[in-house]
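Asker: Starting off with a structure, shown below.
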Amino acid sequence: MGVTDPAGPVMDRDEVDRALARLGAEHEAIETSLLALQDHAGRRLLEGAELTGITKERWTAAEASITLLWAYFDAYTDALRSAREIRSRRRWSSREDLVELTELLRGESVTVAGSTTAAANAPTLLSAPGKLSRQFSLAALVDLMNELYASSLDMVVAADAVWSALPARIDLLAAELQRTRTLAHSVGVRPGEHPSGDDLERITRTLTTLREQVISDPLAYWIPAQGSSAPGGGRPDTTVYDREARALEEVRREIDAVLTVRQDAEQRLVKLRDVLSRADRTLAEARNARGEVLAKIAATEVPVVSGPPTALQEQLATAAEYRRHAQWHRLSPLLESLEQKAEDELLRARESLTAVTAPLAVRAELRGRLDAYKAKVARLGYAEDPFLIERYDAARRMLWSAPCDLRVAEQAVLRYQQAAAEVLGAPRVPGQGGPHDRRGETSS
């Protein structure tokens, strides 16, 4: 141990044996890893694929790294074999043997001759420009092999992960897309005729392009894990796939809506006809009522009643035509629009009828009020009061004559109410002035 050389102190027999045991274990582990890399499904796929883009660039470098790996491993194997042979010469190694073993096991005693192609494509830290061979110590050689192995395995695992995840999912989505396209075609949802048909065409083109790109350049769809140094740390980038899957789901919902239209189209058309028919009848009633109001009520503004909208009837006929020709994709939005318009039309007709018949309702209310007071007066024994009879007859003539002036008739009813209140001793009707002597009054 006192003698030294560039490799350091000379190792003793125990140190040599321990070093050989460690190096042997490392050799076995490295060999196992290299064989596993050689048999890795991702590596085999990369070898047989027509690669493009970043994957092609990285695989070219990885192939060179793998070539170097085997060259380093062979050199490592030869050096380890030589060391074992030297150690096996004698049970008790001589000093010359120990010096030789120390140089072999610790010094830069391993020469690696690489091909020009491998040296040119390997990482710069592993190949010096202009050199076809390098000297390494066994420890340095192990470190270089670990580094080369990690970078190569990272590339292989990433590509294999993308290939394992995306193409199969794309194929499943493409199969679902084909089923949806068939269903869409059956209900008339076609490109150029319906937005969903155009969406299906776009999704088809996108998925076809995506699959081609994933197969030829899988690393373009790989997201490395931040801060991870483990080979294959990361995940496939499914952004495009997820977007198209969502788009297809939206189209499927649209197709389902069209299918629902196909199933209940006749029922909805019947309901639409009924609603529009009720609106027409209501408008007809409003027109008749307007004529009655104009004949029976004087000095009253009566709104004009419009006729039924022919546009809705035309759209309803168009909807029926769509149904006969199974154009469900066109029928669906038309039915939704018609249903809302029909309800609006029925509401408008009812509002027109209410507005037109308002004067008749006022007259009916005045008649009811007049008869109610007459019944009350009769119940209390004043039915024969001549003044009340006179006031009642005046109001009744106005309310039951045509045309009826509602303003004058209302004043007549109020005068009868006031007279009845005075006879019954009730408080005066608000807005009719103070007490006065009714003697000498004449009917108006």
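Asker: Given the options 55, 191, 144, identify the residue whose Cα lies farthest towards the positive end of the charge dipole of the chain (+1 on Cβ of Lys, Arg; -1 on Cβ of Asp, Glu).
Answerer: Comparing the listed Cα positions along the dipole, 191 ranks first.
Asker: Expressed as a rounded percentage, what relative contact order does the chain have, with Cα pairs under 8 Å and six or more residues apart?
Answerer: Computed value for the chain: 12 percent relative contact order.
Asker: Quick one: plug the Kirkwood hydrodynamic radius of the range 312-425 (C-alpha pairs) into Stokes-Einstein at 4 °C, 1.567 mPa s, and report D in µm²/s.
Answerer: Once the numbers are plugged in, D ends up at 72 µm²/s.
Asker: While we're on this one: Residues with amide H under 5 Å of residue 234's amide H, sequence separation 5 or more or different chain, H placed in the peptide plane at 1.01 Å from N; which?
Answerer: Amide H to amide H, under 5 Å and 5 or more residues apart or across chains, residue 234 pairs with 225.
Asker: While we're here: Give the accessible surface of the chain per residue, rounded to a whole number of Å², with probe radius 1.4 Å and ligands, DNA and RNA excluded.
Answerer: 54 Å²
Asker: Would you grab the residues whose amide H sits under 5 Å from the one on residue 404? Only those 5+ places off in sequence or on another chain, please, with H modelled 1.01 Å from N.
Answerer: 297, 298
Asker: In cubic angstrom, how much convex hull volume per residue do the alpha carbon atoms of the range 51-102 span?
Answerer: Enclosed volume per residue, from the Cα hull, is 67 Å³.
Asker: Still on this model: Given contacts defined as C-alpha pairs under 8 Å and at least six residues apart, what's the relative contact order of the range 147-216, whole-number percent?
Answerer: Value for the range 147-216: 36 percent.
Asker: Once all Cα-Cα distances of the range 310-358 are split into 5 Å bins that start at 0, what whole-number percent is in each one?
Answerer: Values per bin, smallest distances first: 5, 20, 23, 17, 13, 9, 6, 4, 2, 0.
Asker: Moving to a separate point now. Out of 308, 231, 403, any idea which swings most in a Gaussian network model of the chain, alpha carbons joined below 10 Å?
Answerer: 403
Asker: Next up: Over the chain, what percent of the accessible surface lies on carbon and sulfur atoms, probe 1.4 Å?
Answerer: Using a 1.4 Å probe with all protein chains present, the chain comes out at 52 percent carbon and sulfur.
Asker: Can you pull the semi-axes for the range 180-295, root of five times each eigenvalue of the Cα gyration tensor, sorted largest first, whole Å?
Answerer: In descending order the semi-axes read 57, 17, 11 Å.
Asker: How far is the Cα center of the range 240-319 from the Cα center of the range 341-362, in Å?
Answerer: 16 Å
Asker: Same structure, new question: With both partners inside the chain, how many of the DSSP beta bridges are antiparallel, as a percent to the nearest 5?
Answerer: 80 percent
Asker: With only Lys, Arg, Asp and Glu charged, each at its Cβ (+1 for the first two, -1 for the last two), find how big the charge dipole of the chain is about the Cα centre; round to the nearest 20 debye.
Answerer: Taking the Cα centre of the chain as origin, the dipole is about 2640 debye.
Asker: If you wrap a convex hull around the Cα atoms of the chain, how much volume per residue is inside, in Å³?
Answerer: 336 Å³
Asker: Contour minus end-to-end for residue 372 and residue 89, with contour as 0.36 nm per residue of separation and end-to-end as the Cα-Cα distance?
Answerer: 88.0 nm
Asker: Let me know the charge dipole size of the range 167-234 about its Cα centre in debye, to the nearest 20, where only the beta-carbon of Lys, Arg (+1) and Asp, Glu (-1) is charged.
Answerer: It comes to approximately 100 debye.
Asker: Relative contact order for the range 284-374: what percent, with Cα pairs under 8 Å and sequence separation of 6 or more?
Answerer: 44 percent
Asker: Of 406, 307, 92, which is farthest on the positive side of the dipole of the chain, counting Cα position, with +1 on Lys and Arg Cβ, -1 on Asp and Glu Cβ, and the Cα centre as origin?
Answerer: With unit charges placed on the Cβ atoms, the residue in question is 406.
Asker: Please list, ordered by chain and number, the residues whose modelled amide H lies under 5 Å from the amide H of residue 11; skip anything fewer than 5 residues away on the same chain.
Answerer: Long-range HN contacts for residue 11: 102.
Asker: In the range 8-25, whose amide N lies under 16 Å from the spot 7 Å out along Cα-to-Cβ of residue 99? List them in ranges.
Answerer: 8-13
The values are calculated or read from the model by the stated rules, or taken from the named source; none is laboratory data. Because the structure is predicted, anything quoted here is derived from the model rather than measured. No Cβ is skipped: glycine too gets one built from the backbone with ideal geometry, and neighbour counts run over all protein chains shown. Areas reflect the complete protein model, heavy atoms only, side chains present, ligands, DNA and RNA absent. Shrake-Rupley method; radii C 1.70, N 1.55, O 1.52, S 1.80 Å.
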